[in-house]
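Student: The following block contains the structure, expressed as structure tokens.
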Amino acid sequence: MTLLHNIKTLRSEALSAIEQAGSAPALEQVRIGILGKKGTLTALLRGMGAVQPEERAALGAAANEARDAIEAALKERRSCLDAEALDERFAAEALDVTLPGRTRPLGSRHLISRITDEVVEIFRSIGYRVVEGTEVETDYYNFVALNTPADHPSRRMQDTFYVVEHTDEASPPTVRGESSVLLRTQTSGVQVHVMEQEQPPIYILAPGRVYRRDVADPSHLPQFTQVEGLVVDKGITFGDLKGTLDFFCKQMFGEERKTRFRPHFFPFTEPSAEVDVSCGICGGEGCRFCKGTGWLEILGCGMVDPNVFGHVGIDPEEYSGFAFGLGIERIACLKFNVPDLRMLLEGDMRFLRQF
Ligand code: DAH
């Protein structure tokens, strides 16, 4: 009867070893030790061959029962260990949702974008709509159709960057024709595109970047932002132009500001004027900011020249109009008393955060 006794002992030892296995690998070692090829139960079962046939049935039953019990215990212990491991992982990887997150600094709009939007909003409120042009333009739209033929001296002030598609080293392109492509020097070309495509009444605003071969200094930038305005309708007069731009200046700078119109020359308008707004620092008395004049120049304007209407097929006997162009960087500097246009582009956060 020692074999039966052995089975019982083995069974209870195995069950307690299973109960004590502290991890999945340890449990696997226990299993191998019992049920593996060289395991204790395997060896015992092998020994059954030598048992007397009349004892075999009882022993076999006990051995099978022991094996079933051991396998059941293994299974239960395994799922218990799995659950514990999962709990441990949950605990280790738990997110503390009560911790304050890392905040990313929130950016803000650049002054140039803000002022552009402000200008657009002011004109939108009186019925203008925004049209966008392209930053590359042909010589024709940038100059010729704006009454500035190739030999016109006013082109010199707006020398720019030409986009040359093909250069022959031996003979670089010297003749620039109407189809030459350039970085636009002004947004005025948008006027021509709009008038080619639409019939009056036209009330548009065209903001965008422009380029000139200028060296940056406190009052010049080789690349800046302009807003072009154009009105074409029946019976438009210089009085409409003055009223509109005076309204704009008061909206932009304050009701107390005055405007004045100085005669000027632009090829595409006749008559033309430059508009000054009274200095916001001295109120018109004269100070360093306005160079003692009491006035600050803010834009160019004029009545659309009949020659420009001629290029786009609008009858100047039936329609008249006015146009204006202003520099956003300049307006931003005037509004916030910034002494140097370049500060807007330097990206110095100490400067930019002030707005
Ligand atoms: N395009 C001019 C410039 O860049 C600004 C300007 C002046 C635009 C008069 C106009 C205008 O439409 O009528 O200097």
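Quick note: the coordinates plus some simple rules give every number you see, no bench work behind them. The shown structure was predicted, so the numbers you read here are calculated from the model rather than taken from an experiment. Positions of Cβ are generated from backbone atoms using ideal geometry, with glycine treated the same way; all protein chains shown enter the neighbour counts.
Student: Using +1 on the beta carbon of Lys and Arg, -1 on that of Asp and Glu, and nothing else charged, what's the dipole of the stretch 154-310 about the Cα centre, debye to 20?
Tutor: Value, rounded to 20: 460 debye.
Student: Please flag any cysteine in the chain that has no other cysteine's Cβ under 4.7 angstrom from its own Cβ.
Tutor: So, 80, 249, 301, 333.
Student: Given R₀ = 25 Å, FRET efficiency for residue 121-residue 353 by Cβ-Cβ distance, to 0.05?
Tutor: Once rounded, the FRET efficiency stands at 0.60.
Student: Using +1 at the C-beta of Lys and Arg and -1 at the C-beta of Asp and Glu, which of 188, 352, 131 has the Cα lying farthest in the positive direction of the dipole of the stretch 111-352?
Tutor: 352
Student: Return the calculated 222 nm mean residue ellipticity for the chain, to the nearest 500 deg cm²/dmol, obtained by summing -39500 (n - 2.57) across DSSP H runs with n ≥ 4 and dividing by the residue count.
Tutor: Calculated mean residue ellipticity at 222 nm is -12500 deg cm²/dmol.
Student: Could you calculate the FRET efficiency of residue 37 with residue 92 from 1/(1 + (r/R0)^6), where r is the beta carbon distance between them and R0 is 41 Å, rounded to 0.05?
Tutor: Result of the calculation: an efficiency of 0.65.
Student: Can you find, among 9, 292, 336, the residue sitting farthest towards the positive end of the charge dipole of the chain, where Lys and Arg contribute +1 and Asp and Glu -1 at Cβ?
Tutor: Looking along the dipole axis, the top candidate is 9.
Student: Below 29 Å, Cα to Cα, which lysines can residue 75 reach? Residues fewer than 8 away in the same chain don't count.
Tutor: 8, 37, 38
Student: Placing +1 at every Lys and Arg Cβ and -1 at every Asp and Glu Cβ, with all other atoms neutral, what dipole size does the stretch 1-99 have around its Cα centre, in debye to the nearest 20?
Tutor: 640
Student: Once you have the Cα-Cα distance between residue 199 and residue 233, take 0.36 nm times their residue separation minus that, and quote the gain in nm to one decimal.
Tutor: 11.3 nm
Student: List the lysines whose alpha-carbon lies under 21 Å from that of residue 291, not counting same-chain residues fewer than 8 positions away?
Tutor: By straight Cα distance, residue 291 reaches 258, 335.
Student: Computed FRET efficiency, Cβ-Cβ of residue 83 and residue 110, R0 41 Å: what is it to the nearest 0.05? Walk me through the numbers before you get to the answer.
Tutor: Details: r = 57 Å, r/R0 = 1.39.
Between residue 83 and residue 110 the formula returns 0.10.
Student: Rounded to the nearest 20 Debye, what is the dipole magnitude of the chain about its Cα centre when Lys and Arg each give +1 and Asp and Glu each give -1 at the C-beta?
Tutor: On the way: 39 positive and 51 negative charges, 322 e Å.
With only Lys, Arg, Asp and Glu charged at Cβ, the dipole is about 1540 debye.
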